[in-house]
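Notes follow once the structure below has been shown.
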Amino acid sequence: MLKQLLKITAGLLLALSFAVSAATLPDPLELQRLLGPAQAVTVVEPHLSVKGREVKIAYRGYPAGLVLASLFGADWKLQPDREIEFIALDGYRSRIPVGRFSTYQAFLVFARADGSAFRVDNLEQREKAVPLAPYYLVWDNIAAPELLAEGGNGWPYQVAQISLRQSGKDALLPGAMAAQWSEHAALAQKYCLSCHRVNGFGGDKMPINLAERAKLIDTRSWQTWLLAPQSVKPDTTMPALPEGLAAREQIAAKLQAYLKALPVSP
Ligand code: HEC
């Protein structure tokens, strides 16, 4: 069966006693052999688009739901508060709530439809010709233009592994914090935790503990850093909060208030 072929490794993250299933993706040739012909999908490429100038790119791949069902079984989407974690070659982790895959249509793509190089410039992170292989998660933001404001968040590339896991609620909203801070924690998860961590939960690209770091930074520096990191450090690869977002200052303030309130745990 596909399941075995895809080298499912069910692991236990003992410290947190979460059940985690992680799968290493087969290479695109193998995936096509398993799933049949891929399809073309056209999206507004957020890494190439700036406000008012949209660049559309056609890719080749599969509906994410089809790949996820073949990796984790048909029940993968039954618990909407679980998360799908996309792990990139460099340790960047993107965690996306299962429920989002029911709201929006995502595709796991492995090539450009016209056969040109499977690369993209990342304007936000000022990187040129970034290789996207082996896999890149894209969203149909033509059917759902509200996604355009989010920029490249939730579009992980160089995806090599996928896992299905419990939500990070215990790390992000310990004790009674959920009552007041759920929205804030979701913002942190969406915009920050693909690269950073809070209390052990998050990505490995720049694995500082934001719960700790935020308490050392004054409000003005915080705002400047989140809205225009390159004005502080011209060569930084940290992206600003997406330009397209309304109320960026308020989002930055919410993140600061939340990260200050969140107790630091080792
Ligand atoms: C794509 C990866 C990425 C994302 C997403 C990201 N950062 Fe960063 N961040 C970095 C990198 C890389 C650095 C190191 C800065 C440098 O030296 O260029 C950094 C540094 C920082 C620092 C340390 C600044 C200092 O000098 O003490 C803070 C605080 C921070 N980020 C907060 C955030 C917050 C809050 C978010 C979410 C709004 C966020 N980051 C999103 C990559 C990222």
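The values are calculated or read from the model by the stated rules, or taken from the named source; none is laboratory data. No experiment lies behind these values; they were computed from the predicted model shown. Cβ atoms come from the backbone with ideal geometry, glycine included; neighbour counts cover every protein chain shown. Surface accessibility is based on the protein's heavy atoms, side chains included, excluding ligands, DNA and RNA. Shrake-Rupley method; radii C 1.70, N 1.55, O 1.52, S 1.80 Å.
In deg cm²/dmol, rounded to 500, what helix-only [θ] at 222 nm does the chain give when every DSSP H run of at least 4 residues adds -39500 (n - 2.57) and the total is split over its residues?
-7000 deg cm²/dmol, from helical runs alone.
Once neighbouring chains are kept in place and the probe is 1.4 Å, which whole percent of the accessible area of segment 73-149 is contributed by carbon and sulfur?
Result for segment 73-149: 53 percent of the exposed heavy-atom area is carbon or sulfur.
Pop a pseudo-label 7 angstrom from the Cα along the beta-carbon direction at both Thr42 and Leu216 and give the gap in nm to one decimal.
Spacing of the two 7 Å Cα→Cβ label points: 4.9 nm.
Find which of Leu66, Gly175, Gly36 sits farthest along the positive direction of the dipole of the chain, computed with +1 on the beta-carbon of Lys and Arg, -1 on that of Asp and Glu, about the Cα centre.
Gly175
Amide H neighbours of Val130 under 5 Å, at least 5 residues apart or on other chains, H built in the peptide plane: list them.
Here the answer is Val120, Asp121, Asn122, since their amide H atoms fall under 5 Å of that of Val130.
Taking square-rooted eigenvalues a ≥ b ≥ c of the alpha carbon gyration tensor, is the chain rounded, prolate or oblate, where a/c under 1.5 means rounded and, failing that, a/b exceeding b/c means prolate?
oblate
So for segment 2-165, averaging the separation of alpha carbon pairs under 8 Å that are six or more residues apart and normalising by length, what relative contact order in percent results?
Contact order relative to length: 27 percent.
Once you place label points 7 Å from the Cα toward the Cβ at Ala58 and Val264, how far apart are they in nm?
5.3
Please calculate how many Å² of accessible area segment 185-263 carries per residue, with a 1.4 Å probe and no DNA, RNA or ligand atoms counted.
48
I need the peptides 242-250, 190-198, 100-108, 221-229 ranked by packing, meaning the mean over residues of other C-beta atoms within 10 angstrom, with the highest value on top.
Output ranking for 242-250, 190-198, 100-108, 221-229: 190-198, 100-108, 221-229, 242-250.
Could you grab the relative contact order for segment 183-266? Cα pairs under 8 Å, six or more apart, rounded to a whole percent.
30
Just tell me which aspartates and glutamates come within less than 17 Å, Cα to Cα, of Lys190; anything on the same chain fewer than 8 places away is out.
Result set, ordered by chain and number: Asp81, Glu83, Glu85, Glu124, Glu146, Glu150, Asp170, Asp204, Glu243, Glu249.
List the DSSP H helices in the chain whose Cα atoms stretch 15 Å or more along the helix axis and whose mean Kyte-Doolittle hydropathy is at least -1.0.
Membrane-span-like by this criterion, though nothing is claimed about a membrane: 178-191, 248-261.
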